[in-house]
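Report on one structure; see the data block that follows.
Read the figures in this text as sums done on the coordinates, not as results from a lab. These figures come from a predicted structure and were not determined experimentally. In this analysis, Cβ positions are derived from the backbone assuming ideal geometry, glycine residues included, and neighbour counts consider all displayed protein chains.
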Amino acid sequence: MTAPFYKFGLFNDEVSFIIAFVLGLAFGFVFERGGFGSGRMLAAQFYFTDMRVFKVMFTAIVVAMIGLFYLSWIGFIDLSLIYFGDTFIMPQIVGGLILGVGFVIGGYCPGTSTVAIATGRLDAIVYLLGGAFGIFVFGEVFPYISDFFYSTPMGRITLPELFGIDYGIIVFAVILLAIAGFTAADWGEKFMASKKEGK
Amino acid sequence: MLKIYAALPPRKQIGIIAIILGIVAVFIGNPQDNTTTTVNIKELSMTAGDNVNSVSVQELSNWIIQGKMDYRLVDLRTEADYDEYNIPSSECVSMSSLTKSELMRNEKIILYADDDIVASQAWFILKADGYHSVSILKKGMEAWKNEVVFPSCNCGEHSTAELKQLHDKKAEVAKFFGGALQTDGGTESSVKKNLPKLKAPKKVVLKTNRKKPAREGC
């Protein structure tokens, strides 16, 4: 038996909703406890004063990556069943920039804003309404930008395929990158703290 | 050694574990070797006879005309044959590279070749490899040529309105795919069938023609 279970039809839609609900609760709880429910904490990433969110995110990426790699190695997970979207390089860069700007202005990303609403933050409610409005505008102007939306397509591509190297090497490289990132984040925090004291 | 490790702060301990796992990963290389598999004979034998495993050329032509994009059409013939003529929206995948191709296990896949034999073999390979929704195009390329691009019609004088409608539909479908209705009935072979020339370099187009929005993700 290999995961993911849903796509193998091991449980039906109704059960999958329950599982999604439970997972969502757990995810939201961890998010909240990690400090992701605070707009200040999220904005602090961009000023290098508190890199907690960055560290949590990168830790999650590394844990998931190592987990998927080894679980598929022992044959428990079938990686080919895991869905991920196609790559459209230019539109995704532009989209990422727009999301990043919204992130630093509003202090939330779509996920964290819902977490923050759960603890009753008004700014998060405004943020989510803004997000919904953005979705509406996007939907309305989509016919005019659809050419760009589908430009520079690369299909469903992964880093090992792109570089033509083994998954293992990518796994190792990302781990090194994470450790370098954590070290840099620590250094950035200390630097900003000393700068603050200096003032 | 262990003592030094135990004395480190937890974050560094975790970091060291991560690095060790990363180094091991380099030696493992690719996590999955998809060349051997087990087959659920009971499941296969139960689905093998089902009609859901086949698609008629008429159905397929309707889907293409309607712009339906929720399937992937796979041409199993040689690349030369494929370049000469192929069914619109198809992609050329050879039998040997079938399981290594871009096809995803949760996609609806329709296979065709010149006849049903090759397509059926490919069907079994994909089914055995855990591809869920695999069908074959009934009678393959032959049926496509004879029933869609160059359909014959012996409805003669359009005796009834229904027959006439059918006749017109066939003609229109054939026109859509660059063919024509063969009204000669029995003397089919006397008509020279020139398959429509392909206009675009298909390879480039086909890889990326699935304009579907991401369904999952953050």
Query raised in the report: Using the Cα gyration tensor of region B:35-118, with a ≥ b ≥ c the square roots of its eigenvalues, what is the shape: rounded (a/c below 1.5), prolate (a/b larger than b/c) or oblate (neither)?
Result: oblate
Report summary line: Output field shielding_mean for A:170-182 (other chain Cβ, 10 Å radius) holds 4
Report task. Distance from a point 7 Å along Cα→Cβ of B:I41 to each backbone N in region B:127-150: keep the residues under 17 Å and list them by number. Result -> B:128-129
Requested in this report: Within a 10 angstrom radius of each residue's Cβ in B:101-110, how many Cβ atoms of other chains show up on average? Whole number is fine.
Outcome: 3
Requested in this report: Take peptide A:85-96, look around each residue's Cβ out to 10 angstrom, count Cβ atoms belonging to other protein chains, and average those counts.
Outcome: 1
Query raised in the report: Which order do B:E147, B:E84 fall in if you start with the one that has the fewest other Cβ atoms within 10 Å?
Result: B:E84, B:E147
**Report entry** Net length gained if the chain between A:T152 and A:Y83 were fully extended (0.36 nm per residue, minus Cα distance)
**Finding:** 22.8 nm
Report task. Arrange the following residues from fewest to most other Cβ atoms within 10 Å of their Cβ: A:L23, A:L71. Result -> A:L23, A:L71
Report summary line: Sparse-neighbourhood loop hits (trypsin sites (Lys or Arg not before Pro), region B:24-97; DSSP loop; Cβ within 10 Å at most 10 others) -> none
Query raised in the report: Cα gyration tensor of region A:6-198, axes a ≥ b ≥ c as square roots of the eigenvalues: rounded (a/c below 1.5), prolate (a/b > b/c) or oblate?
Result: rounded
Requested in this report: Return, for the Cα atoms of the protein assembly as shown, the radius of gyration and Dmax in Å, separated by a comma.
Outcome: 27.7, 97
Report summary line: Quick calc, B:A48 & A:L162: beta-carbon distance into FRET formula, R0 41 Å, rounding 0.05, result 0.60
Report summary line: Going from the fewest other Cβ atoms within 10 Å to the most, one would list B:D83, A:D147, A:D86 as A:D147, B:D83, A:D86
Requested in this report: As a check on your grasp of the helix formula, calculate [θ] at 222 nm for the protein assembly as shown: sum -39500 (n - 2.57) over DSSP H runs of n ≥ 4, divide by the residue count, round to the nearest 500.
Outcome: -18000 deg cm²/dmol
Requested in this report: Label region A:72-182 by shape, choosing from rounded, prolate and oblate, from the square roots a ≥ b ≥ c of the eigenvalues of the Cα gyration tensor; if a/c is under 1.5 it is rounded, and otherwise prolate applies when a/b is larger than b/c, oblate when it is not.
Outcome: oblate
